[in-house]
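The values are calculated or read from the model by the stated rules, or taken from the named source; none is laboratory data. All figures in this text were calculated on a predicted structure; none of them were measured in a lab. For neighbour counting, all protein chains shown are included, and Cβ atoms are generated from backbone atoms with ideal geometry for every residue, glycine included. Areas reflect the complete protein model, heavy atoms only, side chains present, ligands, DNA and RNA absent. Shrake-Rupley method; radii C 1.70, N 1.55, O 1.52, S 1.80 Å.
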Amino acid sequence: MKANQLLYGLAMAPALAGAQNTEKPNIIFVLCDDMGWGDLGCYGQQYISTPNIDRLAAEGMQFMQAYAGCPVSAPSRASLMTGQHTGHCKIRGNKEYWGDQWDASLYNGIGDYKRVGQEPLDINHVVLPEIMKDNGYNTAQFGKWAGGYETSESTPDKRGVDEFYGPICQFQAHTYYPNFLNKYSKDDGDEGVTREIMTENIKHKYQVDDPDYYARPQYSADLIHQKAMAWIDKQTSAKPFYGLFTYTLPHAELVQPEDSILLAYRAKFCDDTNAGQNLGSWYHMAIGRHAQFAGMITRLDAYVGEIMAKLEEKGLAENTILIFSSDNGPHEEGGADPDFFNRDGVLRGLKRSCHEGGIRIPFVVRWPGKVPAGVKNDHQLAFYDIMPTFCDIIGVEDYVNRYKRTQPNGEEDYFDGISFLPTLLGKDKDQVKHDYLYWEIWENYLHELAVRQGDWKLIYNNNESSPRLYDLATDIHEDNNLAGDARYADKLKELKKIAREARVGSTLFPFGNLSGLND
């Protein structure tokens, strides 16, 4: 990996010189929540309408082997923000705090809106908005933060974000009609993140089993999108801007306004109203789960269309890189039914799984005049490649040494990404590739890791006595475990060694049993 990073420093700078004029490009990254690889028309979806994202793919580059940082939300987003894979990143699982304690049993107390947030991002490691701000960008994030609780040192205002609107705590994002959202605006003179109480929502009950909940009128996804659009409207060509729009759609719960989008799908699907609903959970009941899920994706697609139209209206489209992706694979929470939509097509696994379906995600990039239009690319990239790619694009040389920070424990400050700017510019021959990709997830009592090297894939969890080995070139669905085949003993040994050496230990997210990786 270190060798690749050295090659990055030598090979990427010339690519930048020919990539742009003196004007730095704007960047908007739309990151949705729990959308599978097969949920979009451009990736083969046949039942859900996504004309705007399909157009984005037709006008840009569509990656067919792009990967999230992790198969679950908080660590995947942390990987994007830090440029680290989850063997090095501080955050390796979802971990919520409730005041001065963390107690999973309190999930059922969702009516109490005084909870605070997640395990904070490492304050001893730089995050992406800090880099963008340091290089002259207006910075904003609209949607789920999931990078620290309200009183931590890792709230948006303290991590390089000029404007924020959305839920600080990702658990708050489990509801679309919340009791409050968080906000911060440097331009408005805010001293820190505050709460905006949804005064109309709290007039109605919150309980999961109470129909009065559906009378709440303030739909968070729409409110967040409206703030994002207002922010774009304020931008000019005088100063570059970077926006991370972390929309929660189509994450459970499956609920949205009864407008034309939802009504069209209600007419299309003979829906089993609540079949598969996880009753007794913290999610409100899905009324027509197939229509709700499809409508949420089409609603998200409409948001993307409005972003594209606003950029064109303001004359900013030509100098704006627009990216669309998802934080992990598809969910089946709140009554969602991934099998009905064939959401991951040929891929196996869902959210929380290191199989391809849990980590391979849609990834589309449009940069007019720079990124070739209508191209499908098989370059293997992961979320931790985004930081070096953005640094490459905006002209930050040797970003590792520039932003490396002294670690209190004396360990290395890891940066694991490789810029994929050459691929974006259609210069595949100049692209430096990873020696391997690595993922790790801590999820209650299941701890799982995976390594991909070329077409070879190793998966191991703490409940197994030995890892599994797959050849993705002939087995994309990961059905045939080759770990017991003597012909591949050397490859298995090599990947086990990579898995052992790719990670550092974590007291916050201990993996548990790693004995199956020993030779």
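A few remarks follow.
- Spatial separation of Cα centroids for the stretch 291-337 and the stretch 363-426, in angstrom: 22
- Here, the chain is characterised by an Rg to Rh ratio of 0.94, where Rg is the alpha-carbon radius of gyration and Rh the Kirkwood radius.
- Each Cα pair under 8 Å and six or more residues apart adds its separation to the average, and for the stretch 283-429 the resulting relative contact order is 20 percent.
- A 1.4 Å probe run over the stretch 343-402, with the rest of the protein chains in place, finds 29 Å² accessible per residue.
- Heavy-atom accessible surface of the stretch 400-519: percent carbon and sulfur, 1.4 Å: 46
- 20 Å Cα-Cα threshold exceeded, pairs from K90/K158; K404/K433; K144/K404; K183/K234: K404/K433; K144/K404
- Average accessible surface for the stretch 173-310: 40 Å² per residue, computed with a 1.4 Å probe over protein heavy atoms with every protein chain in place.
- Dividing the mean sequence gap of close Cα pairs (under 8 Å, 6+ apart) by how many residues the chain holds gives a relative contact order of 24 percent.
- The chain: DSSP helices with Cα axial extent of at least 18 Å and average Kyte-Doolittle hydropathy no lower than -0.5: 2-17, 220-234, 289-313
- Over the residues of the chain, the helix contribution to mean residue ellipticity at 222 nm works out to -7500 deg cm²/dmol, using -39500 (n - 2.57) for each DSSP H run of at least 4.
- Accessible-area value, V451, 1.4 Å probe, nucleic acids and ligands omitted, Å²: 0
- With coordinates expressed along the principal axes, the C-alpha atoms belonging to the stretch 421-519 extend over 43, 36, 23 Å, beginning with the largest.
- q = 0.10, 0.11, 0.16 Å⁻¹, the stretch 186-308: log10 I(q)/I(0) [Debye, one scatterer per Cα]: -0.41, -0.49, -0.93
- Accessible surface ranking for K427, K144, 1.4 angstrom probe, highest first: K427, K144.
- Local net charge near A74, Cβ-Cβ under 14 Å (Lys/Arg +1, Asp/Glu -1): -1
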